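Peer 1: Mind having a look at this structure? Questions to follow.
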């Protein structure tokens, strides 16, 4: 248990959670771009007479999206562990503690849905 009795400790933990949230979102965005890069090359190289093969870019892109989703969940778990170590004086009264966690979990669910859509379509 922390004995600093300073709310800045809590806000530092929340900033860290949001930094991991941005990292997860960036990984998912990068995965989407990688996945669509194969389609971009197909169009740019004007291979309209050949069937479009999704190939390696699909699986690398989906892997980045899943990695981002897993990272969002793990960062939420880590944040909750840190909150358990804080004292009552370190958490402002009336503050919504789980807003960042809910955001991260929603991001993870949407990322997994996107990965499933890309892999199955």
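Only the coordinates and a few stated rules stand behind these numbers; no lab work does. Treat the numbers as computed from the prediction; the structure is a model and nothing was measured. With ideal geometry, Cβ positions are generated from the backbone for all residues, glycine too; neighbour counts draw on all protein chains shown.
Peer 1: Mind putting together the pair-distance distribution for the chain? All Cα pairs, 5 Å bins, whole percent per bin, short to long.
Peer 2: Result returned by the calculation: 2, 12, 18, 15, 12, 10, 9, 7, 5, 4, 3, 2, 1, 0.
Peer 1: For residue 82 and residue 22 in one chain, what is 0.36 nm times their gap in residues minus the Cα-Cα distance, to one decimal in nm?
Peer 2: 19.7 nm
Peer 1: OK, next. Working out 0.36 nm times the residue gap between residue 116 and residue 59, then minus their Cα-Cα distance, what length gain in nm do you get to one decimal?
Peer 2: 19.4 nm
Peer 1: So how do 28-38, 88-98, 6-16 stack up, highest first, on mean other-Cβ count within 10 Å?
Peer 2: For the peptides 28-38, 88-98, 6-16, the packing ranking is 28-38, 6-16, 88-98.
Peer 1: For the residues 121, 75, what sequence is obtained by ranking on other C-beta atoms within 10 Å, fewest first?
Peer 2: The most exposed by this proxy come first: 121, 75.
Peer 1: Something else now. Quick one: 107, 39, fewest Cβ neighbours within 10 Å first, how do they rank?
Peer 2: 39, 107
Peer 1: Note the full-extension length gain between residue 95 and residue 30 as 0.36 nm times their separation in residues minus their Cα-Cα distance, in nm to one decimal.
Peer 2: 20.1 nm
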